Amino acid sequence: MSAEILNASLVETAEAIRRKDLSSVEVVRASIARAEALQPKLNCFIQLLGDEALADAERADAELARGKIRGPLHGVPLAHKDMYYRAGKRSTCGTKIRKDYIADHDSTALKRLLDAGSIYLGGLNMAEFATGPTGHNEHWGDNHNPWNPDFIAGGSSSGTGSAVAARIVYGGLGSDTGGSIRIPSSVNGLVGLKPTNGLVSRHGLMSLSHTMDTVGSLTRTVHDNARLTGIMAGHDALDPTTSHRAVPDYEAGLNAPVKGLRLGVPKNYFYDVTTPEVEKLQQDCLAVFRDLGVEIVEVDVPDMHVPTHMSNIVFVAEAVAIHEKWLRERPEDYQAQVRSRYEPGIYMPAGKYLRALDMRAKLLRDFTETVFSKVDVLHTPGLSMPVPSLADTDMAAGQGMPEMVARLSWTTRSNNYLGIPSLAVPCGFTANGLPAGFQLMGRPFSEARLFQMGHAYQGVTDWHTRVPEMSA
């Protein structure tokens, strides 16, 4: 029965609790049991708060019995990257530097999910300070992929990817500054949204690069992701960078027909380092869209090396603004890989950083005019290669580290600099038995269209229903 409960989608489980076919206590107990059984193999939690979650589930059931429904997540257990603050609670940010940090305020995104009725199961493992695409963590232990624990869970939202794919929880928050939601989504067979900059409040999470950080979720289905995004999105007075735009009803638009929409396939850059095996899966995916009546259009994209390079400048300059004091006083407390990625920011000329910021508007305009004047959505690989092993990517600050980081984030990094939305969706498996995915990119604030396209694909495929064979 536990497997049945946990294999359902978030939306299905929320509706079952609302109908009282399931109790929140039943669901949360199943989640806790699976978390405890799989933690030794996956190491996806930094803190599992079982007793607290069960108490919250009992309250949720009591409220439902009185006819009170908090919202569309009533009684559903979620777990989140351990960098979202809750007042009076510990948030480690995946580092020993903050292993005992107690927040004095709440994350807006997390609070909105809690106010919608979700249950907080715990804080999930992550790359230190959200820096790293693999899931290695010397402070809290490496995170493992549930499809094969010898392989990476992706990063930096590694624990979220691992826990959601392993059917421990139905979804969870990640963060994305260069691919940190989309990479773990691709390698774990999940759906992950990097939203438009400003769609979701960043108040109350540990910042990394304040002009490129975005808040989003990892889920098993596009529908689940649309629900979580709709709950979190919208202006927040505590984050002045959030948009004042009205938030669409993402769920209502999921079943709109996709026939006649134009799906772009880039002729340049995105496939430059893609392996033949991954490219074949992308072609199979495009064939599905073609059968749905979508028009497949090849397009030239601007030179994506430029926004990717600009993102690297912005990243180190903004990261060091947060970390300079710790880098000078506690350098030995950082992982070598993380420290080596921040330190160049100490020597970054202010003029170079400001020029990189100034170029953003023009590069975004060039990209949207070049691409989205011809197509509605752009389709790219999620990851350019099969999922690598933990051993093959354990480079610390070694010679191959920059190349490895660049390869894993080849298709993702430029989007954060440009600020455009991107949705990762699973589309099959490579010969090593690990998942592969594709990425849909759109104009700013076109999340509804991305959800519509991704949902149409999942309506005629079953990759998102596959479950890792992990013995609990």
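Listed by position, the helices (runs of 4 or more DSSP H) inside the range 391-470 whose residues that are aromatic (Phe, Trp, Tyr) number at least 2 are 447-459.
Among the residues of the range 305-362, the ones that are outside any helix (DSSP H, G or I) and loosely packed, with under 12 Cβ neighbours inside 10 Å come to 1 in all. The residues of the range 430-449 that are within 10 Å of VAL278 (Cα to Cα) and either among the aromatic types (Phe, Trp, Tyr) or free of Cβ contacts under 8 Å to residues at least 24 places away in the same chain (or both) amount to a single one, PHE438. Among the residues of this structure, THR368 counts as one that is touching a residue at least 60 places away in the same chain (Cβ under 8 Å), under 26 Å from ALA287 (Cα atoms) and out of contact with any Cys (no Cβ under 6 Å at 6 or more places or on another chain).
Listed here are the residues, each with its yes/no results for (1) buried (at least 24 other Cβ atoms within 10 Å of the Cβ); (2) in contact (Cβ under 8 Å) with a residue 12 or more places away in the chain; (3) over 18 Å from ALA3 (Cβ atoms); (4) not basic (Lys, Arg).
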position	(1), (2), (3), (4)
SER162	yes, yes, no, yes
ARG167	no, yes, no, no
GLY172	yes, yes, yes, yes
SER175	yes, yes, yes, yes
GLY178	yes, yes, yes, yes
ILE183	yes, yes, yes, yes
LEU193	yes, yes, yes, yes
GLY198	no, yes, yes, yes
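Selection within the range 86-103: residues that are assigned to a loop (DSSP other than H, G, I, E, B) and among the charged types (D, E, K, R). The member of this set that is surrounded by the most Cβ atoms within 10 Å (Cβ to Cβ) is ARG86. Inspect all residues belonging to the range 254-274 and state whether any of them is of a type in the set (S, T, N, Q) and closer than 30 Å to ALA431 by Cβ. The answer is yes; a qualifying residue exists. Figure legend. Inter-residue proximity from the range 202-225: first residues closer than 15 Å to LEU78 by Cα, second residues of a type in the set (Asp, Glu) and not in a loop (DSSP other than H, G, I, E, B), beta-carbon distance below 7 Å, spacing 6+ or different chains. Indicated pairs: GLY216/ASP176.
Which ones in the range 51-62 are within 25 Å of LYS81 (Cβ to Cβ), of a type outside the set (A, V, I, L, M) and buried (at least 17 other Cβ atoms within 10 Å of the Cβ)?
ASP56, the sole residue that qualifies.
For the range 236-291, the tally of residues that are of a type in the set (Lys, Arg), surrounded by 11 or more Cβ atoms within 10 Å (Cβ to Cβ) and part of a loop (DSSP other than H, G, I, E, B) stands at 2.
Which one of ALA436, ALA397 is small (Gly, Ala, Ser) and at pLDDT below 95? Step by step, each of ALA436, ALA397 is checked, and only ALA397 is small (Gly, Ala, Ser) and at pLDDT below 95.
Among the numbered conditions (1) under 18 Å from the mean Cα position of the chain (by Cα); (2) under 29 Å from ALA237 (Cβ atoms), the only one that SER91 does not meet is (1).
Do we have GLY155 as crowded, with 24+ Cβ neighbours inside 10 Å, closer than 26 Å to LEU418 by Cβ and at pLDDT 95 or above here? Outline the logic, then answer.
On the way: crowded, with 24+ Cβ neighbours inside 10 Å: yes; closer than 26 Å to LEU418 by Cβ: yes; at pLDDT 95 or above: yes.
When the stated conditions are applied, GLY155 passes them.
Each row is one residue, and each column tells you yes or no for (1) in contact with a helix residue (DSSP H, G or I) (Cβ under 8 Å, 6 or more places away or on another chain); (2) at pLDDT 95 or above; (3) closer than 18 Å to VAL297 by Cβ.
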{"residue": "MET359", "(1), (2), (3)": "yes, yes, no"}
{"residue": "THR370", "(1), (2), (3)": "no, yes, yes"}
{"residue": "VAL377", "(1), (2), (3)": "yes, yes, yes"}
{"residue": "SER384", "(1), (2), (3)": "yes, yes, no"}
{"residue": "SER389", "(1), (2), (3)": "no, yes, no"}
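Looking for something within 27 Å of ARG341 (Cβ to Cβ) and either surrounded by fewer than 24 Cβ atoms within 10 Å (Cβ to Cβ) or over 19 Å from the mean Cα position of the chain (by Cα) (or both) - is there at least one such residue anywhere in the range 63-85? Yes, there is a match, as at least one residue in the range 63-85 is within 27 Å of ARG341 (Cβ to Cβ) and either surrounded by fewer than 24 Cβ atoms within 10 Å (Cβ to Cβ) or over 19 Å from the mean Cα position of the chain (by Cα) (or both). For the criterion of being of a type in the set (A, V, I, L, M) and more than 23 Å from SER31 (Cα to Cα), ALA87 passes.
The values are calculated or read from the model by the stated rules, or taken from the named source; none is laboratory data. A quick note: this is a predicted structure, and the numbers were derived from the prediction, not measured. Neighbour counts run over all protein chains shown; Cβ positions are idealised from the backbone, glycine included.
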